[in-house]
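Participant: Can you read through this structure? Questions will come right after.
The values are calculated or read from the model by the stated rules, or taken from the named source; none is laboratory data. As the structure is a prediction and not an experimental result, all values here were calculated from the model. No Cβ is skipped: glycine too gets one built from the backbone with ideal geometry, and neighbour counts run over all protein chains shown. All accessible areas refer to the heavy atoms of the entire protein, side chains included, with ligands and DNA or RNA removed. Shrake-Rupley method; radii C 1.70, N 1.55, O 1.52, S 1.80 Å.
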Amino acid sequence: MPICAIKHIPYGAKLGEDVHTSLGGLLLPKGTLVFEREMELLEAFLIKDVSVEEDAAKSDKKDEKAENREEKSAKSAGQAAVGKKEFEQKFDKAVSSVKNLLHRVQGGENVPVMELREVVSPLLQKVQEQPNILLALSKVSNVDSYIYEHSIAVGMLAYVIAKWMKVPEKEWMQVSLAGTLLDIGKTKIDRKILVKPGKLTVEEFDEMKKHTVYGYQIIKSSPGLNEGVALAALQHHEREDGSGYPMGLKGSQLHLYSKIIAVADVYHAMCSERVYQKAVSPYVVVEQLMKDSYGKLDPKIVHTFVEGITQFSSGTVVELSDGSIAKIIFTDRNNPTRPMVEVNGKIINLADSRHLSIMKVI
């Protein structure tokens, strides 16, 4: 296939081979049609020439190709919007179901495992079809629903982390249930402590910490859940350096499920609007997770999660710290939290423009 200098690429040419950045990241896949946005991207990464197909772009088909591309883009955006709305409906239904199930546990029943599986399965299927939905899990919560929304979100995140970590497939559902049930012990904590808007007293915090032990006891007595699920409830607030609770265990003493749940728990909690805390951008949270991987959270799990949750962000619409609306067009594995974005036709590399950051996923 002919090699063509960037400045001589015909409008609408089709790439004959994948184009990579200097560090090896995939910039544009083979078969991509090169229009204005692709030209800007190639120039931004200082690509000098590319391979194009011989029958690249004939002048009499330029407008037709551009129109087809715009139609496909509009169709894709429409499908994404419908998919997001459908997911939100499934999520809200799951919140209501989990709330009822946990109330039954609070009344003394064992965890209804099969019913819980039926509740979370449609969401797990949806997230496999549209993984970018994970970036929009940080919905505004109220006092009464946050604990249930959080548990479902953590279950979904834990599921995909287990998948990315190459945990045996037969365990993925158990890991998801571990996430969904991480705070089941809070059904035994005084509600006044759970919804208190200010800082807890020492006595109140000591009581709150007991939810890990309560959760372990509830899960251990419920058939259909393995030991990892129970240990995740007990250990998800433990930290690699031994600074967590309830027993101050260190990384080597912690079950894999609990380490996965810890990452998912911290991520969603920081992304969510709560009584005592404002929501933080998923990208800011991911940067914090990377810092916490040095001593607090398992670094391998954190890095796997960061790479996984940012790899499908292309096309995601976000709000930047200066208030402008942007679309993510490329994420470099070496700077996963600072992708290249397009703002009003202009491409900005956030890895270079450090004064800007992603504040919100729209």
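Participant: What are the DSSP H helices in the chain that stretch 18 Å or more along their long axis, judged by alpha-carbon atoms, and whose average Kyte-Doolittle hydropathy comes to at least -0.5?
Facilitator: For the chain, where a helix must reach 18 Å along its axis and average at least -0.5, the hits are 113-129, 146-164, 256-271.
Participant: With every protein chain left in place, what is the accessible area per residue of the chain in square angstrom, probe 1.4 Å?
Facilitator: Using a 1.4 Å probe on heavy atoms only, each residue of the chain averages 50 Å².
Participant: Relative to 2.2 N^0.38 Å, what does the C-alpha radius of gyration of the stretch 149-192 come to as a ratio? Two decimals please. Don't jump to the answer; show the numbers that get you there.
Facilitator: Working: Rg = 12.2 Å, N = 44, 2.2 N^0.38 = 9.3 Å.
Computed over Cα atoms of the stretch 149-192, the ratio equals 1.32.
Participant: Still on this structure, please answer the following. On the full set of protein chains, 1.4 Å probe, figure out the accessible area of residue 321 and give it in Å² to the nearest 10.
Facilitator: Surface open to solvent at residue 321 totals about 60 Å².
Participant: Here is a follow-up. Separation between the residue 204 and residue 86 pseudo-spin-labels, each 7 Å from Cα along Cα→Cβ, expressed in nm?
Facilitator: For residue 204 paired with residue 86, the spin-label model returns 4.4 nm.
Participant: For the chain, what are Rg and Dmax over the alpha carbons, in angstrom?
Facilitator: According to the Cα coordinates of the chain, Rg and Dmax are 23.3, 77 Å.
Participant: Could you please put 352, 206, 332 in sequence from largest to smallest accessible area, using a 1.4 Å probe?
Facilitator: Output order, biggest surface exposure first: 352, 206, 332.
Participant: What's the long-distance tail for the stretch 182-332, i.e. % of Cα pairs beyond 24 Å?
Facilitator: Counting pairs separated by more than 24 Å, the tail of P(r) holds 42 percent.
Participant: Same structure, new question: Hey, any idea what % of the stretch 253-362's accessible area is carbon plus sulfur with a 1.4 Å probe?
Facilitator: Answer for the stretch 253-362 is 50 percent, counting heavy atoms of protein chains only.
Participant: Still on this structure, please answer the following. Quick one: among 155, 242, 308, which has the greatest mean-square fluctuation in a GNM of the chain with alpha-carbon springs under 10 angstrom?
Facilitator: Result for the chain, Cα springs under 10 Å: 242 fluctuates most.
Participant: Mind checking which of 162, 179, 2 is farthest towards the positive end of the chain's charge dipole, using Cβ charges of +1 (Lys, Arg) and -1 (Asp, Glu) about the Cα centre?
Facilitator: Most positive-ward Cα: 179.
Participant: So if I take the alpha carbon set of the stretch 269-326, get Rg, then get Rh from the Kirkwood formula, what is the Rg over Rh ratio?
Facilitator: Details: Rg = 13.1 Å, Rh = 12.9 Å.
Radius of gyration over Kirkwood radius for the stretch 269-326 works out to 1.02.
Participant: Once the stretch 169-245 is represented by equal point scatterers at the alpha-carbon sites, with solvent omitted, what log10 I(q)/I(0) does the Debye formula produce at q = 0.11 Å⁻¹?
Facilitator: Calculated log10 I(q)/I(0) at the listed q: -0.31.
Participant: Now, a different point. For the stretch 116-196, divide the Cα radius of gyration by the Kirkwood radius and give the resulting Rg/Rh value with two decimals.
Facilitator: Details: Rg = 13.6 Å, Rh = 13.5 Å.
Radius of gyration over Kirkwood radius for the stretch 116-196 works out to 1.01.
Participant: Something else about it: What is the Cα radius of gyration of the stretch 239-287 over 2.2 N^0.38 Å, N being its residue count?
Facilitator: Normalised by 2.2 N^0.38 Å, the Cα Rg of the stretch 239-287 equals 1.32.
Participant: Mean 1/r over all different Cα pairs, inverted: what Kirkwood radius does the stretch 79-222 give, in Å?
Facilitator: 16.1 Å
Participant: Let me cross-check residue 247: its accessible surface, 1.4 Å probe, with only protein heavy atoms counted, in Å² to the nearest 10?
Facilitator: 110 Å²
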